[in-house]
Amino acid sequence: MDHAPDGLAADGAAALRHHGDVDAEPGLLDFAVNVQGTGPPAWLRDRLAATLDGLGRYPAAAHDALARESVAARHGRSADDVLVLAGSAEGFALLPALRPRLAAVLHPGFTEPEAVLRAAGVPVVRVLTSEYDGHRLRPGDVPAEADLVVVGNPTNPTGVLHPATDVRAMAAPGRVLLVDEAFADAIPGEPESLAGDVDVPGLLVFRSLTKTWALAGLRAGYALGEPALLARLAAPRPPWPVSTPALEAVIACAGPEAVAESERAAERLVAARAEQAALLAAVPGVTVLPGRAPYLLLRLPEGRGERVRAVLRQAGVAVRRGDTFPGLGPDHVRVAVRPAAQVARLAAVLADALVEVGA
């Protein structure tokens, strides 16, 4: 466990704000951003387009209520347990409203929660998992005094899916346990999800529509938790924080037919991920680390990562750098699961890059 200092140098703070869209410049073959596809399916696009004629009116409370009811039905909860968000990023931005005295953030993991908390002056301790044991979650490593714990499941960028029993073990009286499940619906059956748990004290779950439904530009997601906890989280929000199209997207994607479509897509991703992992592992010098999410964490030969990424970019391929994730270094890169033809291109360019840098 690494107890990080309360403050970060400017370059450290900037690293926490680095996201894959920065790596994926227009014109590059994009393995850096974990969004499946370039846009929503036609039926969802039609649902969203149908809301455009109503954009002259403010988002309606009844529309928000229907979105909460739809999400509640999807997860077997009460509508009072649902807060619709302008993407999970809005939920992270609201975390300081919980007024934590000490936040523990599990790393390597999505960096935005730590960035938000530090910017608000909240003391943060990093709890690091290790590659040596497959980035296994050890609940006992979380400081007892932490009253906010943040963990991703599956974790980004490692792709590790932690057992639900281990995640629940981090709950404690007087503590908020935030589980970021942005990629949970990309794994068949959503195993280890806590979205339906109503008896874990202080549990807060964030879910996103961005990845599976290719809605990164819309900003749509939701939080699940006890009503009083959601009220604390939502206290600083402005009026009408979620747009009418985003509310409609939440309703549409929570429906039974959409959930079934998501499940079929997740099953296809399992096969595609296995094929991509095998092809990349066959490239000399590349280690594919274990995981189950729709992206893979790679380790390149020591001291070669930065130069390899530069060669890949010159060849028109974008990958997500790993060194901005606490606990990883410049020889780690993350790549999204992509269609076979694109993966073949990545493997070929990666092999050439490793030869060029002398790996």
### Task
Look at segment 29-67 and say how many of its residues are over 22 Å from the mean Cα position of the chain (by Cα), assigned to a loop (DSSP other than H, G, I, E, B) and of a type in the set (A, V, I, L, M, F, W, C).
3
### Query
Does segment 99-109 include one or more residues that are assigned to a loop (DSSP other than H, G, I, E, B), open to solvent by less than 40 Å² (accessible area, probe 1.4 Å) and farther than 25 Å from H162 by Cα?
no
### Task
Within segment 38-53, identify whether any single residue is in contact (Cβ under 8 Å) with a residue 60 or more places away in the chain, within 30 Å of E226 (Cβ to Cβ), of a type in the set (V, I, T) and open to solvent by less than 30 Å² (accessible area, probe 1.4 Å), and answer yes or no.
no
### Task
Please tell me if V200 is within 20 Å of the chain's Cα centre (by Cα) and among the β-branched types (V, I, T).
no
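Residues that are at pLDDT 95 or above and β-branched (V, I, T), at least 2 per element: which strands (runs of 3 or more DSSP E) completely within segment 147-242 meet that?
148-152, 176-180
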### Query
Just checking, how many residues over segment 69-98 are among the charged types (D, E, K, R) and without any contact (Cβ under 8 Å) to a residue 24 or more places away in the chain?
1
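Just checking, does segment 285-297 include any residue being part of a strand (DSSP E or B), over 30 Å from L44 (Cα atoms) and open to solvent by 30 Å² or more (accessible area, probe 1.4 Å)?
Checked segment 285-297: at least one residue is part of a strand (DSSP E or B), over 30 Å from L44 (Cα atoms) and open to solvent by 30 Å² or more (accessible area, probe 1.4 Å).
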### Query
Being touching a residue at least 12 places away in the same chain (Cβ under 8 Å), buried (at least 19 other Cβ atoms within 10 Å of the Cβ) and touching a Gly at 6+ places or on another chain (Cβ under 6 Å), is that true of even one residue in segment 315-325?
yes
## Note on the structure
Of the candidates A341, A272, A266, A347, the one satisfying the condition of being free of Cβ contacts under 8 Å to residues at least 12 places away in the same chain, not in a loop (DSSP other than H, G, I, E, B) and not β-branched (V, I, T) is A341
### Task
Answer yes if at least one residue in segment 26-37 is among the charged types (D, E, K, R), farther than 18 Å from P339 by Cβ and open to solvent by 30 Å² or more (accessible area, probe 1.4 Å), and no otherwise.
no
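Name the single residue, out of those in segment 216-228 being open to solvent by 10 Å² or more (accessible area, probe 1.4 Å) and among the aliphatic types (A, V, I, L, M), that is nearest to I187 (Cα to Cα). If you could, list the steps in order and put the result at the bottom.
Applying the first criterion (open to solvent by 10 Å² or more (accessible area, probe 1.4 Å)) to segment 216-228 yields 216-219, 222, 226-228.
Okay, now just the ones that are also among the aliphatic types (A, V, I, L, M), so 216, 218, 228.
On the way: A216: 19, L218: 23, A228: 30 Å.
Result: A216.
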### Query
For segment 189-207, which residues satisfy the criterion of being open to solvent by 10 Å² or more (accessible area, probe 1.4 Å) and either under 19 Å from T158 (Cβ atoms) or among the aromatic types (F, W, Y) (or both)?
E190, P191, E192, S193
### Query
Do any residues in segment 13-30 that are under 14 Å from Q314 (Cβ atoms) have Cβ atoms under 8 Å from those of residues that are assigned to a helix (DSSP H, G or I) and modelled with pLDDT of 80 or more, where the two are at least six apart or on different chains, and which pairs are they?
L28/R313; L29/Q342; L29/R345; L29/L346
### Query
Do we find that R126 is out of contact with any strand residue (DSSP E or B) (no Cβ under 9 Å at 6 or more places or on another chain), surrounded by fewer than 20 Cβ atoms within 10 Å (Cβ to Cβ) and either in a loop (DSSP other than H, G, I, E, B) or touching a residue at least 40 places away in the same chain (Cβ under 8 Å) (or both) in this structure?
no
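Just to be sure I understand, how many residues within segment 298-325 are at positive phi and assigned to a helix (DSSP H, G or I)?
0
The values are calculated or read from the model by the stated rules, or taken from the named source; none is laboratory data. This is a predicted model, so every value here is computed, not measured. Heads up, the Cβs are rebuilt from the backbone with ideal geometry, glycines too, and the neighbour counts pull from every protein chain shown. For the accessible areas, the whole protein counts, side chains as well, though only heavy atoms, and no ligand, DNA or RNA atoms are used. Shrake-Rupley method; radii C 1.70, N 1.55, O 1.52, S 1.80 Å.
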